[in-house]
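Heads up, the thing below is written out as structure tokens.
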Amino acid sequence: MSPYTLSMLLSSLAVGTITTLSSYHWFMAWMGLEINTLAIIPLMTKMHHPRATESATKYFLTQATASALILFSTIMNAWMTGEWTIMSMNHHMSTTILTIALAIKLGVAPFHLWLPDVLQGLNMITCLILSTWQKLAPMALLILTSHQLNPNLLIMMALASMIVGGWGGLNQTQTRKIMAYSSIAHLGWMTMIVPFAPNLALLALLIYIILTSSMFMTLMTLNSTNMNKLSTSWLKTPTLAAFTMITLMALGGLPPTSGFLPKWLILQEMTKQHLNALSTTMAMLALLSLFFYLRLSYTISMTSPPHISNSNLTWRKKNNLQIIPMMITLSAMLMPVTPTLLMMN
């Protein structure tokens with residue numbers, strides 16, 4: 001792809017997200033989401049492979065459906081109340097349709113089926129954009145309208161996402177599908193806390209983006225698309241493989257890594273709301289996701305092939321991702337800022 005074309009598409013992605021984040025009128029927010037969708041489609045199809053074309057088609061159809069539902073819900077709300085502003089979604093049918101539309105946009109269960117298949121057909125850098133940047137605009141709309149949405153519907157979708165994200169990733173061998181189910185599980189935690197503490201949902205989104213970015217960048221450097229390739233990483237780059245294990249533990253939410261911070265604060269807030277049974281269920285479901293992160297760590301550290309790998313020697317290639325050490329550091333060491341975050345609340 002031409003550098004000029006790539007820069008134009010990336011600029012369009014940024015413009016679409018910023019338009020949605022800065023708008024107060026529903027039509028402007030919808031237009032930003034559309035720009036976002038149309039800008040990433042050429043990035044998805046640049047591999048010229050049938051799987052990439054299939055992924056782009058699935059992504060386009062699901063996002064078009066979600067955009068149509070958003071437009072339908074906002075028009076219905078404007079018809080009933082005469083208001084187009086984002087903060088004035090007062091009609092219950094409009095808010096229900098909007099919740100479903102944003103869930104489709106994000107890939108929250110039970111509207112998650114497109115996400116693993118779409119990620120499996122893309123290259124790692126496009127998977128990174130799809131798993132991080134593309135979540136910003138829909139999640140911002142979800143947080144902005146959180147006080148008007150049905151909390152029972154959000155809680156049911158969040159629990160379904162945690163179950164699907166945990167169970168779905170258990171039997172996977174492809175790293176992109178594992179990261180897709182990891183994304184579904186993390187979105188479940190964010191969706192769960194949105195009705196009670198939207199600022200914690202924003203914190204969870206920020207830490208999810210840091211962890212997912214560091215993991216995808218590591219997989220790009222190791223050139224690992226499945227667990228067999230991942231098992232040779234210790235022989236090629238032992239230092240990076242060790243730090244990959246730390247990132248995986250952060251994704252699983254083990255202390256004292258950064259991934260423990262949002263889970264701890266979310267469970268604390270849920271117990272403050274006297275939702276003890278729900279908090280216990282969430283903590284138990286987190287163990288499902290932790291299991292497949294531990295399985296990946298075991299694959300990296302304790303399963304080396306009986307002969308020297310004949311794959312490309314990673315340390316002889318020039319590494320263009322100098323940001324990886326900083327991302328891994330953030331993934332492991334954000335816990336000390338917890339008192340500051342609690343003071344800000």
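The values are calculated or read from the model by the stated rules, or taken from the named source; none is laboratory data. Since the model is a prediction, treat every value here as computed from it, not as a measurement. For neighbour counting, all protein chains shown are included, and Cβ atoms are generated from backbone atoms with ideal geometry for every residue, glycine included. Side chains are part of the model used for accessible areas, which takes the heavy atoms of the whole protein and leaves out ligands, DNA and RNA. Shrake-Rupley method; radii C 1.70, N 1.55, O 1.52, S 1.80 Å.
Yes/no matrix, rows are residues, columns are (1) modelled with pLDDT of 85 or more; (2) part of a helix (DSSP H, G or I); (3) over 18 Å from the mean Cα position of the chain (by Cα); (4) not hydroxyl-bearing (Ser, Thr, Tyr):
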position: Leu254; (1), (2), (3), (4): yes, no, yes, yes
position: Pro262; (1), (2), (3), (4): yes, yes, no, yes
position: Leu278; (1), (2), (3), (4): yes, yes, yes, yes
position: Asn312; (1), (2), (3), (4): no, no, yes, yes
position: Gln322; (1), (2), (3), (4): no, no, yes, yes
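Only one of Thr145, Thr239, Thr232, Thr191 is surrounded by 24 or more Cβ atoms within 10 Å (Cβ to Cβ) and of a type in the set (Val, Ile, Thr). Can you tell me which?
So the residue among Thr145, Thr239, Thr232, Thr191 that is surrounded by 24 or more Cβ atoms within 10 Å (Cβ to Cβ) and of a type in the set (Val, Ile, Thr) is Thr191.
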Scanning the stretch 81-95 residue by residue, those exposed (fewer than 15 other Cβ atoms within 10 Å of the Cβ) and without any contact (Cβ under 8 Å) to a residue 60 or more places away in the chain turn out to be Thr81, Gly82, Asn90, His92, Met93
The number of residues in the stretch 1-55 that are in contact (Cβ under 8 Å) with a residue 12 or more places away in the chain, exposed (fewer than 14 other Cβ atoms within 10 Å of the Cβ) and within 30 Å of Leu144 (Cβ to Cβ) is 3
Taking the stretch 71-82 and keeping residues under 21 Å from Ala137 (Cα atoms) and either in contact with a strand residue (DSSP E or B) (Cβ under 7 Å, 6 or more places away or on another chain) or not aromatic (Phe, Trp, Tyr) (or both) leaves Leu71, Ser73, Thr74, Ile75, Asn77
The residue that is nearest to Leu106 (Cα to Cα), considering only those in the stretch 36-80 that are in a loop (DSSP other than H, G, I, E, B) and of a type outside the set (Lys, Arg), is Thr45
key: Boolean, Ile209 is touching a Phe, Trp or Tyr at 6+ places or on another chain (Cβ under 9 Å), open to solvent by 10 Å² or more (accessible area, probe 1.4 Å) and assigned to a helix (DSSP H, G or I)   = yes
The correct count of residues that are surrounded by fewer than 17 Cβ atoms within 10 Å (Cβ to Cβ) and touching a residue at least 12 places away in the same chain (Cβ under 8 Å) in the stretch 265-277 is 1
